[in-house]
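Structure first, commentary second.
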Amino acid sequence: MNIRLSLFIALLFLLTTQTIQAIPVKFFRLSSEPLIRIGLSTNASSVSIATGDTSLVAVSPDEPSKLLATTRVTVSARAYRPPEIEDYRIEFPNLPSQADANELANDIRNSTGETAIASLDVTTNTWKVWAGSVKDTTEDADALKAKLAEKGFEDAVTVVEKKTVLTPDAVALSQQLKTAGKSDVRSLVQSTGSSQPTVGPPAVDPNLREVIVNGGAPAAQYSSLKSVAFGSVNERFNPVKLNGKAYRGKIEVFVNARGTLTVVNVVPLEDYLLGVVPSELGLPQLEAQKAQAVAARTYAIANIGTYGKQGFDMVPTVYSQVYLGVSIETKMGTQAVQQTRGIVATYQGKPIMAYFTSTCGGRTEDGGNIFEKGEPYLKGVECSLEGHKQFDPFTIRTSRPPAKLRDEGNLELVRLMSQLASNGFYLSTSQMTDEWFEGVPDQNEMSNWLNQLATRFGKTFPNVNRDTAKPIELARIIAGFIYPPNYADTLMSDSDVNYQLSFDDAGEIPKERRADVAALLRDGYFAIHPDLTLKPSRPFTRAKMLRLIRQIYVKKGWLPSLQAGTASASADGKFMLKAGKTSRPMVLRPDVFLFRQFGNAMYPVREAALIGGEQVNYLTDPTGAVIYLEIKPTEGTTTAENMSPWEYWNKSLSAGDVQSRLSRYVRGIGTLYDVSVTKVGYSRRPIELQIVGSNGVKILRGGKIRSALRLPEQLFVMNKRYSGTTVTNYTFTGRGWGHGVGMCQYGAYGMAKMGVKYDEIIKHYYTGVQLTKAY
């Protein structure tokens, strides 16, 4: 049996191992950190580029770096001006005849060995002789002229001719424009080979434009048909500035299809993220910012080349990712980037399209319902942890068992007794119940409770016995607290007394106590039973005694004065109170009397979640610790994004406004009659609108709904106001800000405050992804 079992286990292990090995595992890896190209401007006439370093450095394709010997340059564009060169020829002009010219040419050839060509000068109708070859410099021309003079040919003159030449850059750029397809780049961005001027047929685009660099030093004054990238000598400590705004990496400038300048920040990906993370998610939670760093890094890699036609990868706005350069960098943002260096989110071995949204309204949406294409990892999810896990980090607890009641009438007594106990009244039980309230208070309780009253009234403590809780004896003590001596007996006539004591068993009240009982009933301190009896011989229950104390406290204004405030989200079970723009922790006694409102009543509870925004009332003990706490739940959302200012919103539009907005996206509506939601997505976002107009029924789908109506988010409900059968007004009530797909940024912040780590945040919002170290 053991041998068979061993063989079975071995076989099972072998099969399992083979199965695991057969599953293909895909990994995403880059050879190095990529450079990202951010299009900062696409239609600039001129820009200022500067550095706080000793000098700017410029570099163009296939050229060495240039030290510009200045800290500021202005860059602009102009029509291409080909360079000019000067040729130098030695001539003997104004010869009278062809024979004279030929004779001189022969003499020069025979005497000097130089070439000599006779020709007619058509401008003067005389002959001339061109001696020697064309010279490039005046020095060479003067040397030839001197050589001729030594041989007796002294009448030579130097003729200067200027010629426009075509550089290899001009030829190469013209070829680039022919083969670049739909590219908007109009500067040379590839190698040209030799940089020497080439004289030849003009195979050059006549519309070329060049970049003009103008600075305060000769080295900073030049033109180029190539793109020019500017940086600092020490880019890490002295970032280059574009129009006064600092950016890491280099600022590249080139001519575009408009003839103006496109300005691109060419920056290592990790440096780029330093200016993205605080711009996109500046909320003060490191794990949230780390999640943002991973999402932004992944998005950047997935979008390399998105704007390739224009010569860059992304823009610095919400159309890609908000990027504000060096000025926005923060210590926490930098820490988040550095601690997640190279980490990206992948699905089946590829970087995901890591969309993120500011405030999702409690649920994200399936990507395919908003964008034209869906992805398996862009599934709608709740913006909260599963079940009660969402509230665990915010939960405060008490060791005191909550009251156990069936009688609703005792609920308010629990609250009263808790407040009294917080102020010195003796509580004889660990758990208040209906049976406890209906029981008779013992002598210790009566002694303490009456002593508390005596102190309030400034009277001596009464002697308490087992009859003290009965109405007759209690009336004597309470009347002695409330009224002057002999008050009722002196100031109330027999008729007054009998008028107040007109209930069934009034005859059982001893004569000496009748006036006291009558006064207490008249003034609302005492109350009889529902059957119109006082039951003079039956002791007050705790419930009846507490109601008496409450009446006294209400009439005298002695009820405990509760402090009021607004709770911040609790942290690690700590009670936090808002104090201006900050929060301060409050010491919570382990046995705190804890109440939470349900409906319109306060109920004793063992635990309660404080997510922030709850109105609270509380009492403290002499040490300042909270001994009594009641919580009114917030009316806001309880999801992780509940700190967002876009938690809820309302927009009201006239029918005319709705028609005007929809007409930009849906043509041919005619007169608008009605708009209805015909389909919603996972998150209840409308993903299909039916638009009824005089020209028929039109349909608007996906994220275009939000764009057309110009709403903060697509998570909304719609209320219509009618005049007769005509819709006159549409009110949109919604939640959130953004497109609602992918990671919710405020949700990530809320989760981080709960203690959720960045990798869990990423995997919560992006279904089925893995985190991969890409470089």
The one condition in (1) crowded, with 21+ Cβ neighbours inside 10 Å; (2) in contact with a Gly (Cβ under 9 Å, 6 or more places away or on another chain); (3) among the hydrophobic types (A, V, I, L, M, F, W, C) that residue 649 fails to fulfil: (1)
In the range 324-350, the residues that are under 30 Å from residue 768 (Cβ atoms) and touching a Pro at 6+ places or on another chain (Cβ under 8 Å): 332, 333, 344, 345, 347
Residue match in the range 125-138 (condition: assigned to a strand (DSSP E or B), in contact (Cβ under 8 Å) with a residue 24 or more places away in the chain and open to solvent by 80 Å² or more (accessible area, probe 1.4 Å)): yes
Qualifying residues in the range 664-679 (those that are out of contact with any Lys or Arg (no Cβ under 7 Å at 6 or more places or on another chain) and more than 19 Å from residue 714 (Cβ to Cβ)) - the one surrounded by the most Cβ atoms within 10 Å (Cβ to Cβ): 672
Condition met for residue 498 (over 60 Å from the mean Cα position of the chain (by Cα) and not in a helix (DSSP H, G or I)): no
Selection count where residues are open to solvent by less than 60 Å² (accessible area, probe 1.4 Å) and part of a helix (DSSP H, G or I), scope the range 429-486: 25
In the range 364-384, the residues that are charged (D, E, K, R) and at pLDDT 95 or above: 365, 366, 375, 379
Within the range 680-727, considering residues that are of a type in the set (S, T, N, Q) and open to solvent by less than 10 Å² (accessible area, probe 1.4 Å), the one farthest from residue 365 (Cα to Cα): 714
The range 530-572, residues that are crowded, with 17+ Cβ neighbours inside 10 Å and in a loop (DSSP other than H, G, I, E, B): 534, 536, 539, 540
Condition check for residue 525: among the hydroxyl-bearing types (Ser, Thr, Tyr), at pLDDT 95 or above and open to solvent by 40 Å² or more (accessible area, probe 1.4 Å): no
Residues of the range 660-708 satisfying the condition of being in contact (Cβ under 8 Å) with a residue 24 or more places away in the chain, in a helix (DSSP H, G or I) and over 24 Å from the mean Cα position of the chain (by Cα): 661, 662
Some residue of the range 750-758 being of a type in the set (A, V, I, L, M, F, W, C), under 30 Å from residue 383 (Cα atoms) and at pLDDT 95 or above: no
Residues of the range 717-751 classified as under 27 Å from residue 348 (Cα atoms) and aliphatic (A, V, I, L, M), total: 4
Filtered residues of the range 64-86 (kept if farther than 15 Å from residue 220 by Cα and in a loop (DSSP other than H, G, I, E, B)): 80, 81, 82, 83
Whichever residue in the range 291-318 is of a type in the set (Gly, Ala, Ser) and in a helix (DSSP H, G or I) and, among such residues, is surrounded by the fewest Cβ atoms within 10 Å (Cβ to Cβ): 308
Number of the condition not met by residue 183 [criteria: (1) hydroxyl-bearing (Ser, Thr, Tyr); (2) free of Cβ contacts under 8 Å to residues at least 40 places away in the same chain; (3) assigned to a loop (DSSP other than H, G, I, E, B)]: (2)
Flag if residue 394 is closer than 29 Å to residue 523 by Cβ and open to solvent by 10 Å² or more (accessible area, probe 1.4 Å): no
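Here's the yes/no breakdown for (1) out of contact with any Ser or Thr (no Cβ under 6 Å at 6 or more places or on another chain); (2) touching a residue at least 24 places away in the same chain (Cβ under 8 Å); (3) under 23 Å from residue 173 (Cβ atoms):
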| residue | (1), (2), (3) |
| --- | --- |
| 241 | yes, yes, no |
| 248 | yes, yes, no |
| 254 | no, yes, yes |
| 257 | yes, yes, yes |
| 261 | yes, yes, yes |
| 266 | yes, yes, yes |
| 279 | yes, yes, no |
| 284 | yes, yes, no |
| 290 | no, yes, no |
Among residues of the range 324-364, those that are not basic (Lys, Arg) and not in a loop (DSSP other than H, G, I, E, B), counted: 20
Failed item in (1) surrounded by fewer than 17 Cβ atoms within 10 Å (Cβ to Cβ); (2) not in a helix (DSSP H, G or I), with residue 321 passing the rest: (1)
Set 361, 387: member being open to solvent by 20 Å² or more (accessible area, probe 1.4 Å), small (Gly, Ala, Ser) and modelled with pLDDT under 95: 387
Residues satisfying the stated conditions in the range 253-286, i.e. open to solvent by less than 20 Å² (accessible area, probe 1.4 Å), part of a strand (DSSP E or B) and not aliphatic (A, V, I, L, M): 254, 256, 262, 265
Residue list for the range 551-589, filter: closer than 30 Å to residue 522 by Cβ and of a type outside the set (Ser, Thr, Tyr): 551, 552, 554, 555, 556, 557, 558, 559, 560
Evaluation of residue 730 against (1) in a strand (DSSP E or B); (2) of a type outside the set (Gly, Ala, Ser); (3) free of Cβ contacts under 8 Å to residues at least 24 places away in the same chain (one fails), failing number: (3)
The range 139-176, residues that are charged (D, E, K, R), part of a helix (DSSP H, G or I) and either over 30 Å from residue 112 (Cβ atoms) or free of Cβ contacts under 8 Å to residues at least 40 places away in the same chain (or both): 139, 142, 147, 150, 169
Output for the range 94-124, where each listed residue is small (Gly, Ala, Ser) and part of a loop (DSSP other than H, G, I, E, B): 97, 113
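The values are calculated or read from the model by the stated rules, or taken from the named source; none is laboratory data. Quick caveat: nothing in here was measured; it's all calculated off a predicted structure. A quick note on method: Cβ atoms are made from the backbone with ideal geometry, for glycine too, and the neighbour counts reach across all protein chains shown. Accessible surface is based on the protein model in full, side chains and every heavy atom, while ligands, DNA and RNA are left aside. Shrake-Rupley method; radii C 1.70, N 1.55, O 1.52, S 1.80 Å.
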